[in-house]
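**Q** Let me begin by handing over the structure; questions about it come next.
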């Protein structure tokens with residue numbers, strides 16, 4: 001799977017290559033990451049990418065002509081991809097959406113900035129996504145969140161594929177789950193002990209306990 005990120009801060013996104021599971025996946029080419037510098041499509045000697053909103057208002061908006069040039073560049077060498085705008089006004093990003101994205105060949109992420117974007121940009125994208133009911137300074141951190149959550153679900157990115165199948169927000173018997181509590185050594189710390197059932201050596205009893213401790217949503 002390939003991610004293409006349209007951003008004013010390519011180095012921010014490229015830092016993913018240096019850390020943890022996603023970094024290893026990029027180095028092993030399990031996933032591909034490409035950044036497209038929005039400033040390359042800016043106007044004039046200052047490479048302007050934003051402008052004042054018509055009708056007045058505080059802040060600056062990402063220009064449609066600049067953004068669309070970048071989107072078209074991202075789609076230039078691919079037959080099929082999905083273009084997603086990172087925006088506080090978008091649909092809530094969920095594990096279900098990450099599962100959907102993980103089945104794509106290419107995902108283009110446009111990082112919003114400033115006060116927002118020209119509404120007409122949305123006509124050149126497939127959807128808008130928000131990572132939560134809050135506002136951040138730009139779309140780079142949300143984009144990295146989407147890349148991380150999606151990449152974990154791409155085949156062979158994790159050491160064992162089952163690692164992504166039984167974890168919080170995954171599907172189990174038609175329900176989304178929050179994974180059961182887990183413990184490791186030491187057995188006792190400041191009077192707090194590991195539940196005795198986990199030391200019983202009885203897989204059946206442990207399985208029943210884990211199932212009871214797994215929080216399950218309503219059936220889908």
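**Q** What's the number of the only condition in (1) under 22 Å from residue 157 (Cα atoms); (2) not in a loop (DSSP other than H, G, I, E, B) that residue 30 fails to meet?
**A** (2)
**Q** Within segment 105-119, can you find the residues that are within 20 Å of residue 75 (Cβ to Cβ) and free of Cβ contacts under 8 Å to residues at least 60 places away in the same chain?
**A** Across segment 105-119, the qualifying residues are 112, 117, 118.
**Q** Could you grab me the full set of residues in segment 24-60 that are farther than 14 Å from residue 8 by Cβ and in contact with a strand residue (DSSP E or B) (Cβ under 6 Å, 6 or more places away or on another chain)?
**A** 26, 32, 33, 34, 53
**Q** So, residue 102, is that one touching a residue at least 40 places away in the same chain (Cβ under 8 Å), over 18 Å from residue 69 (Cα atoms) and touching a helix residue (DSSP H, G or I) at 6+ places or on another chain (Cβ under 6 Å) or not?
**A** So residue 102 passes the test.
This table checks each residue for (1) in the same structural domain as residue 18 (by TED's automatic domain parsing); (2) touching a strand residue (DSSP E or B) at 6+ places or on another chain (Cβ under 9 Å); (3) modelled with pLDDT under 95.
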| position | (1), (2), (3) |
| --- | --- |
| 111 | yes, yes, no |
| 114 | yes, yes, yes |
| 125 | yes, yes, no |
| 135 | yes, yes, yes |
| 140 | yes, yes, no |
| 143 | yes, yes, no |
| 147 | yes, yes, no |
| 156 | no, no, yes |
| 160 | no, no, yes |
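**Q** Working only within segment 28-51, note down all residues that are more than 19 Å from residue 106 (Cα to Cα) and in contact (Cβ under 8 Å) with a residue 40 or more places away in the chain.
**A** 49, 50
**Q** Of all the residues that make up segment 183-208, how many are in contact with a helix residue (DSSP H, G or I) (Cβ under 9 Å, 6 or more places away or on another chain) and assigned to a loop (DSSP other than H, G, I, E, B)?
**A** 4
**Q** In the list 67, 25, which residue meets the criterion of being in contact (Cβ under 8 Å) with a residue 24 or more places away in the chain, under 16 Å from the mean Cα position of the chain (by Cα) and not in a loop (DSSP other than H, G, I, E, B)?
**A** 25
**Q** Also: Inspect segment 67-79 for any residue being touching a strand residue (DSSP E or B) at 6+ places or on another chain (Cβ under 6 Å) and loosely packed, with under 13 Cβ neighbours inside 10 Å and give the result as yes or no.
**A** Yes, there is a match, as at least one residue in segment 67-79 is touching a strand residue (DSSP E or B) at 6+ places or on another chain (Cβ under 6 Å) and loosely packed, with under 13 Cβ neighbours inside 10 Å.
**Q** Can I ask one more? Give the number of residues within segment 9-22 that are in contact with a helix residue (DSSP H, G or I) (Cβ under 7 Å, 6 or more places away or on another chain) and part of a loop (DSSP other than H, G, I, E, B).
**A** Qualifying residue count for the region: 1.
The values are calculated or read from the model by the stated rules, or taken from the named source; none is laboratory data. These figures come from a predicted structure and were not determined experimentally. No Cβ is skipped: glycine too gets one built from the backbone with ideal geometry, and neighbour counts run over all protein chains shown.
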